Amino acid sequence: MSVGLLIITHDGIGPALLGTATFMLGNCPLQAKLLTASRDCDPDELIAEANEEIKSLDEGDGVLVLTDLYGSTPSNIAGRLCGLNKVKTVTGLNLSMLIRILNYPELGLEELADKAYSGARDGIKIINS
């Protein structure tokens, strides 16, 4: 078994990041699903859809939910999922976070959430010219 991955983002962000990460790594070692919160979406419908995705992704080890922007619709939807058993949410999704997660598919939910956070944080640098 392994942790499932649910990515909830604004239009186009999730597919672009997961597609790029999968291309770079050659595959996606975690079972992953994408949900898009379009500008005209009904949040209640997306919450119901997210709950169904979590049920299909959770093989017993839990589900890591990633969202792009804290406080936005995707993040608020993810926040409503946190009451579920074995669901962890990390906001601020970026490519370095996703690559870090996908490089450690054997980790448990808590450790994978920590890797997501450190991957995002460590992937941000100021480069002086």
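Bear in mind these aren't lab numbers, they're just calculated from the coordinates by the rules spelled out. The model shown is predicted, which means the values in this text are computed figures rather than measured ones. Neighbour counts run over all protein chains shown; Cβ positions are idealised from the backbone, glycine included.
Worth a mention:
- Relative contact order, percent, segment 36-79 [alpha-carbon distance under 8 Å, six or more residues apart]: 40 percent
- Over 20 Å between alpha carbons, listed pairs K55/K88; K33/K86; K55/K115: K55/K115
- Neighbour-count order for R100, R39, fewest beta carbons within 10 angstrom listed first: R39, R100
- Toward the positive end of the charge dipole of the chain, with +1 on the Cβ of Lys and Arg and -1 on the Cβ of Asp and Glu, the farthest Cα among I101, S72, I124 is that of I124.
- Taking the chain and dividing mean pair separation by its residue count, relative contact order in percent (alpha carbons under 8 Å, at least six apart): 29 percent
- Rounded Å value of the spacing that divides the Cα centres of segment 1-31 and segment 37-77: 14 Å
- Two-site label geometry, M1 and F23: point separation in nm, points 7 Å out along Cα→Cβ: 3.5 nm
- Once Rg and the Kirkwood radius are both taken over the C-alpha atoms of the chain, their ratio Rg/Rh works out to 0.96.
- Once divided by 2.2 N^0.38 Å, the Cα radius of gyration of segment 55-121 becomes 1.05.
- Contour minus Cα-Cα distance for E45 and D61 (0.36 nm per residue): 3.2 nm
- Estimated FRET transfer efficiency (N85, K125; beta-carbon r; R0 41 Å; 0.05): 0.65
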